[in-house]
Amino acid sequence: MSVAAGGARAQTTNPQELFDRSVRDFLAGRVAESVVGFDALARMDPARAPQLWQRGIALYYAGRYQDCRSQFESHRTVNPNDVENAAWHFLCVAKAETPQRAKAALLPVGPDARTPMRQVYEMFRGDLTPEAVMAAAGSRPDGQFYAHLYIGLYEDALGNASLALEHIKAAADDRYAMGGYMHAVAKIHLAHLQRGR
C-alpha cells in the first residue's frame, strides 16, 4: 500500500480505530502508513498525543528523528519512570546528531522495576557494559529478550554493526514472541540492519 493510500485510510473520525489501524500497519511492517495514521491521530486528539510511544518508534523507522525525539520528550510527561522511553529518545538523538549528544541529552527516569531495565539505562548512560546488562537479565526469557533488544539498538546507535546484528537477531528469534509489540520492533530492526540502511 502506498503512503497516499495510507493517508486516505487515516480519514476515520474514530481515534481508537485510527490507533488500532496504525498499530496493525506497523506490526505488518508498513511503517510509512503507520506514521500517517499516528500523525493523524496526534492531530485529531492532541490530549492523547503524549501517550503515543508507538508513534515515536514508527517515526524512528521513518527517519523522522527530530519528531521522534519530540514524541519521547512528550511521552515522559505521562510516563516518567519508563527506561524504554529514555532509550528511544537516545536512539533518536543519536541518529539526528551523535551518540555523544544523545548521552548528554539522556532523559532522567524514575524507578523501573522490570528486569533488566535499570541496567539498560546505566548502559545508555555509559556506566555499564552490554555484558553486565546480559548478566543482569538472568535466565527469564523476558529479561533476556529486553537485554538483547536494547543492547542491539544501543550497539547500532554507536555504529557497531556486527554486535547490533548479533543481538537484534537474538531478540527477533521466535522464542521471544511473548515480547509482543517490541518483538515486532526487533523484527523490523533486523530487516533494516539486513538491508544495510
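Below, the figures for the structure above:
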read-out: Condition met for Ala170 (over 28 Å from Pro108 (Cβ atoms), over 13 Å from the mean Cα position of the chain (by Cα) and either at pLDDT 95 or above or not in a helix (DSSP H, G or I) (or both)); value: yes
read-out: Looking only at segment 141-197, and only at residues there that are over 23 Å from Ala102 (Cβ atoms) and acidic (Asp, Glu), the one that is surrounded by the fewest Cβ atoms within 10 Å (Cβ to Cβ); value: Asp174
read-out: Test: residue in segment 111-123 that is part of a helix (DSSP H, G or I), in contact (Cβ under 8 Å) with a residue 12 or more places away in the chain, hydroxyl-bearing (Ser, Thr, Tyr) and touching a helix residue (DSSP H, G or I) at 6+ places or on another chain (Cβ under 6 Å); value: yes
read-out: Every residue from segment 162-197 that is without any contact (Cβ under 8 Å) to a residue 12 or more places away in the chain and either touching a Cys at 6+ places or on another chain (Cβ under 7 Å) or closer than 14 Å to Asp142 by Cβ (or both); value: Asp173, Ala177, Gly180
read-out: Pro80 vs. criteria modelled with pLDDT under 95 and outside any helix (DSSP H, G or I); value: no
read-out: Subset of segment 6-22 [at pLDDT below 95 and surrounded by 13 or more Cβ atoms within 10 Å (Cβ to Cβ)]; value: Gly6, Gly7, Arg9, Ala10, Thr12, Pro15
read-out: Candidates Gly138, Gly126 - the one that is within 17 Å of Val83 (Cα to Cα), in contact (Cβ under 8 Å) with a residue 12 or more places away in the chain and small (Gly, Ala, Ser); value: Gly126
read-out: Hits in segment 23-47 - residues which are surrounded by fewer than 15 Cβ atoms within 10 Å (Cβ to Cβ) and either more than 19 Å from His189 (Cα to Cα) or at pLDDT 95 or above (or both); value: Arg24, Arg43, Pro46, Ala47
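The values are calculated or read from the model by the stated rules, or taken from the named source; none is laboratory data. Keep in mind that what you see is a predicted model, and the values were worked out from it rather than measured. Counting neighbours? That spans all protein chains shown, and the Cβs are built from the backbone with ideal geometry, glycine included.
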